[in-house]
1. Might you let me know whether segment 66-83 holds any residue that is assigned to a strand (DSSP E or B), farther than 16 Å from Tyr30 by Cβ and in contact with a strand residue (DSSP E or B) (Cβ under 6 Å, 6 or more places away or on another chain)?
2. Kindly provide the set of residues from segment 93-143 that are under 15 Å from Gly75 (Cβ atoms) and without any contact (Cβ under 8 Å) to a residue 24 or more places away in the chain, ordered by number.
3. Across segment 80-93, what is the number of residues that are within 18 Å of Lys138 (Cβ to Cβ) and surrounded by 19 or more Cβ atoms within 10 Å (Cβ to Cβ)?
4. Just one of the numbered conditions (1) without any contact (Cβ under 8 Å) to a residue 60 or more places away in the chain; (2) part of a strand (DSSP E or B) is not true of Asp41; which one?
5. I want to confirm something. Restricting to segment 37-80 and keeping residues that are aliphatic (A, V, I, L, M) and in contact with a Pro (Cβ under 8 Å, 6 or more places away or on another chain), which single residue is farthest from Val93 (Cα to Cα)?
6. Quick check: is even one residue across segment 94-106 more than 19 Å from Gln137 (Cα to Cα), touching a helix residue (DSSP H, G or I) at 6+ places or on another chain (Cβ under 8 Å), part of a strand (DSSP E or B) and of a type outside the set (A, V, I, L, M, F, W, C)?
7. What residue, of Asn79, Asn64, Asn47, is within 15 Å of Leu135 (Cβ to Cβ) and free of Cβ contacts under 8 Å to residues at least 60 places away in the same chain?
8. Identify, please: which residue in segment 29-67 is of a type outside the set (Ser, Thr, Tyr), within 14 Å of the chain's Cα centre (by Cα) and closer than 22 Å to Val121 by Cα and is, among those, surrounded by the most Cβ atoms within 10 Å (Cβ to Cβ)?
Amino acid sequence: MWVAALTLLFALQPAHAQQMQRFGDYELHYIVIPTTMLKPDIAARYNIRRGKDRALCNISVIDNNGVGVKAALEGSSQNLLGQRQGLTFTEVVDGDAIYYLATIRHANEEVHRIDIDAQVVASPTSKGASTTLKLTQKLYWAE
């Protein structure tokens, strides 16, 4: 249900297009959206604090077959003044889908440099691989 809600949410928001980075046999999909775009009951269910000054960073890693895989994620966000905040990712498993969620606090129209290290651990069903995602995004207050 949560996956369907986020999928529908992303499909309805062309200004916040989902993006992807390939590494090894995997794709890292990412999107950063205002937390106010989440319905209050969905945000509460996954312990996401909504607010005009908060953005949600949603990461998923999928293999060549389109199946979600577990990954270890570490990240940070830094504004142009050099103020840095660590990103703490929470893993959400919904059926075959696996998502990693973290929130970013920001001022209105503030540019953030977001760095995320992702590592897929080798297992009997998957090869190990790692990547670093670097993106810059302007974040806006949303009601």
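1. Scanning segment 66-83 turns up at least one residue that is assigned to a strand (DSSP E or B), farther than 16 Å from Tyr30 by Cβ and in contact with a strand residue (DSSP E or B) (Cβ under 6 Å, 6 or more places away or on another chain).
2. Thr132, Lys134
3. Going through segment 80-93 one residue at a time, the tally reaches 1.
4. (2)
5. It comes out as Ala55.
6. yes
7. Going through Asn79, Asn64, Asn47 in turn, the sole match is Asn79.
8. My answer is Val61.
The values are calculated or read from the model by the stated rules, or taken from the named source; none is laboratory data. Remember, it's a predicted structure, so these values are computed and weren't measured experimentally. As a convention, Cβ positions derive from the backbone with ideal geometry for all residues, glycine included, and neighbour counts pool all protein chains shown.
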